[in-house]
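Colleague: Submitted below is the structure of interest, expressed as structure tokens.
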Amino acid sequence: MMNGFVRRLLRFMVSLLAIIVYPLTFFVNIKRTRKCPPPVNPILFKSATTLTMMIRNKEITSEEIVAAYIERCKEVNPYVNAIVEPRYEAAIREARSIDKMIASTDKSAEELAKEYPLLGLPMTVKESIAVEGMSNDCGTVYPYRNPAKSDAAIIKLARAAGAIPIAVTNTPQLCMNWETYNNVLGLTTNPYDQQRTTGGSSGGEAALISSAASVMGVGSDIAGSLRLPPMFTGIFGHKPTPKLWSVAGHVPDCLDPDFEEYFTLGPIARYAEDLSLLLKVLKQPGAPDVPFDKPVDITKLKFYYMEGDGSNVSNSIGSDVKNAMNRAKSYIKNTYNIEVQELKIKNIEHMWEIGIRVLLNIRDVRNIYTDPENREKWISMWPDVLKKMFGLSNHNFLCVAYGPLKKFFDALPKSYYKNLLTIFDEIKSKFEKALSDNAVLLFPTFPYPAHKHYRIYYKFLNCGYLTIFSALGLPVTACPIELTNKGLPVGIQIVANKCNDHLTIAVAKEFEKAFGGWVPPNKELEGYIKTA
């Protein structure tokens, strides 16, 4: 296992890197001072669940809602730079078609709800998930436009349920970063502070939803992409139980049969109730059985907490995150008289390394070195490495670095990896036993609120807060708790055993009710209206 000396060496090297990166990021961010305007249209303050009910009951038209969100997209995108490609005109046409169908049908609102549970709702989609006719290059520079030829599996289900895609949103190249930047669209900024990151790789979705320019969206997660951006932008995201949603139609894809044990697609929303709605509607045939409609009695749950993985590689949580954790624990204790117990797992300090190794051991993930003629082979990686060193590459740093990093880990002794897997199996068994079917775990998402752009390059060791649950394959809900004194969102992860997604979402709803959930960005700029 990685010994204490190596762990300390990693921390030391990252500290040296911070000395270089910190002042540079100060200067490159200094001019980003504009504030994203807060929403004022009452439509933008209603949940997707409420809006589709209003559409079915003829209290509002789909066109009114779609038009309101398109207008908001146009208003905020100059501030956040989250939209890769819009489809506004097509979305309006589809909304009008739905309104005509509702006006002419003799079906009741209940019948429409059963047949079209997302009827008339606008949605946004991470660019890595295929929407027919829209950009699907996942932040990669190409000399030609190659739009998606068909919808991804979950987009087909969303359309069949009545949803209307209005835009695809920004992602780092091939989803390989916790900062949403690429050489096609550039940098996506945080609606609460332009100088700060939205995280990645679902950062475009998070920025748009958080700024009330989208009511619901879908993203992907293999190392925290449905959890870190919601944490940094004050909204909800959910990494589902593996294989609940189909991953067909995602870029990059993978030939490894174990890929879907770690990689998932999932929902992002401003309101917790919309997570359940989307998870139920978009689950694939033959998906694991998750009882989303089963009532959850909070008083019957066990609550655990952990403040990190004990690796000594990641930073300890800062005061803002500790306050959020304590506030969540205190609420459960004071409201339900349930003691939130610290969960202690033997050998948990090895999960940082295990998580990285397990994810890097996935074979045949499409990347910039994949041979187009043979998916199981790579072209030579050194030309791209050299181009990057001389500033001549169109590929982002982490996409280039993935090749040498993967080759390095693949070259390590197999016996070493087998020893790691033995410990990993023991840890998985202990988590499964502790959580059972009636417990949730409160866990930090990241040690701090959103940092300034590009500082992830010396904070990347904190990925262990996210990769631990990717490797374990557990469902996680990212839940906002509060704003800091600087007005930045802080949230936590709510974790449960596989097929217990309904428990994490029920607790997220409870915290939303207790602490207020999403707070509009920069609401102090003008009066705002809240009607839902």
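Colleague: Pairs under 8 Å by beta carbon, first residue modelled with pLDDT of 95 or more in the range 74-102, partner open to solvent by 50 Å² or more (accessible area, probe 1.4 Å) and part of a helix (DSSP H, G or I), six or more apart or different chains?
Modeller: 92/63; 95/63; 96/63; 99/63
Colleague: Moving on to the next point. Does the range 484-504 contain at least one residue that is part of a helix (DSSP H, G or I), at pLDDT 95 or above, of a type in the set (Val, Ile, Thr) and crowded, with 23+ Cβ neighbours inside 10 Å?
Modeller: Looking through the range 484-504, at least one residue is part of a helix (DSSP H, G or I), at pLDDT 95 or above, of a type in the set (Val, Ile, Thr) and crowded, with 23+ Cβ neighbours inside 10 Å.
Colleague: Of all residues in the range 507-521 being touching a residue at least 12 places away in the same chain (Cβ under 8 Å) and out of contact with any Asp or Glu (no Cβ under 9 Å at 6 or more places or on another chain), which is surrounded by the fewest Cβ atoms within 10 Å (Cβ to Cβ)?
Modeller: Ranking the candidates gives 514 first.
Colleague: For the condition open to solvent by 10 Å² or more (accessible area, probe 1.4 Å) and under 30 Å from residue 114 (Cα atoms), what is the one hit in 322, 283?
Modeller: Being open to solvent by 10 Å² or more (accessible area, probe 1.4 Å) and under 30 Å from residue 114 (Cα atoms) holds for just one of 322, 283, which is 283.
Colleague: Hey, can you tell me all the residues within the range 411-463 that are touching a Lys or Arg at 6+ places or on another chain (Cβ under 8 Å) and assigned to a strand (DSSP E or B)?
Modeller: 439, 440, 442, 452 - these are the residues of the range 411-463 that are touching a Lys or Arg at 6+ places or on another chain (Cβ under 8 Å) and assigned to a strand (DSSP E or B).
Colleague: Can I ask one more? Would a scan of the range 374-381 turn up a residue that is exposed (fewer than 11 other Cβ atoms within 10 Å of the Cβ), of a type in the set (Asp, Glu), out of contact with any helix residue (DSSP H, G or I) (no Cβ under 7 Å at 6 or more places or on another chain) and not in a helix (DSSP H, G or I)?
Modeller: Within the range 374-381, one or more residues are exposed (fewer than 11 other Cβ atoms within 10 Å of the Cβ), of a type in the set (Asp, Glu), out of contact with any helix residue (DSSP H, G or I) (no Cβ under 7 Å at 6 or more places or on another chain) and not in a helix (DSSP H, G or I).
Colleague: Moving on to the next point. Only residues that are among the hydroxyl-bearing types (Ser, Thr, Tyr) and part of a helix (DSSP H, G or I): list them for the range 392-410, please.
Modeller: 402
Colleague: Now for a separate question. If you scan the range 402-450, which residues turn out to be more than 30 Å from residue 332 (Cβ to Cβ) and among the polar types (S, T, N, Q)?
Modeller: If the condition is that a residue be more than 30 Å from residue 332 (Cβ to Cβ) and among the polar types (S, T, N, Q), then 415, 419, 422 are the ones that fit.
Colleague: If you don't mind, another one. I'd like to know if the range 133-145 contains one or more residues that are modelled with pLDDT under 95 and of a type in the set (D, E, K, R).
Modeller: Taking every residue of the range 133-145 in turn, at least one turns out to be modelled with pLDDT under 95 and of a type in the set (D, E, K, R).
Colleague: Based on what the data block shows, is residue 52 at pLDDT 95 or above and either in a helix (DSSP H, G or I) or open to solvent by 70 Å² or more (accessible area, probe 1.4 Å) (or both)?
Modeller: yes
Colleague: Also: Considering only the range 337-348, state which residues are at negative phi and open to solvent by 60 Å² or more (accessible area, probe 1.4 Å).
Modeller: Within the range 337-348, 339, 341, 342, 344, 346 qualify.
Colleague: Could you tell me which numbered condition residue 401 fails, if it satisfies all but one of (1) under 26 Å from residue 180 (Cβ atoms); (2) touching a residue at least 40 places away in the same chain (Cβ under 8 Å)?
Modeller: (2)
Colleague: Condition first: open to solvent by 100 Å² or more (accessible area, probe 1.4 Å) and part of a helix (DSSP H, G or I). Now tell me which residues in the range 3-38 satisfy that.
Modeller: Across the range 3-38, the qualifying residues are 5, 8, 12, 13, 19, 20, 22, 24, 27.
This table checks each residue for (1) under 26 Å from residue 470 (Cα atoms); (2) without any contact (Cβ under 8 Å) to a residue 60 or more places away in the chain; (3) under 23 Å from the mean Cα position of the chain (by Cα).
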| position | (1), (2), (3) |
| --- | --- |
| 334 | no, yes, no |
| 342 | yes, yes, no |
| 346 | yes, no, no |
| 369 | yes, yes, no |
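The values are calculated or read from the model by the stated rules, or taken from the named source; none is laboratory data. What you are looking at is a predicted structure, and each value in this text was computed from that prediction instead of being measured. Methodologically, a virtual Cβ is constructed for each residue, glycine included, from the backbone with ideal geometry; neighbour enumeration extends over all protein chains shown. Keep in mind that these areas ignore ligands, DNA and RNA; they rest on the heavy atoms of the full protein, side chains included. Shrake-Rupley method; radii C 1.70, N 1.55, O 1.52, S 1.80 Å.
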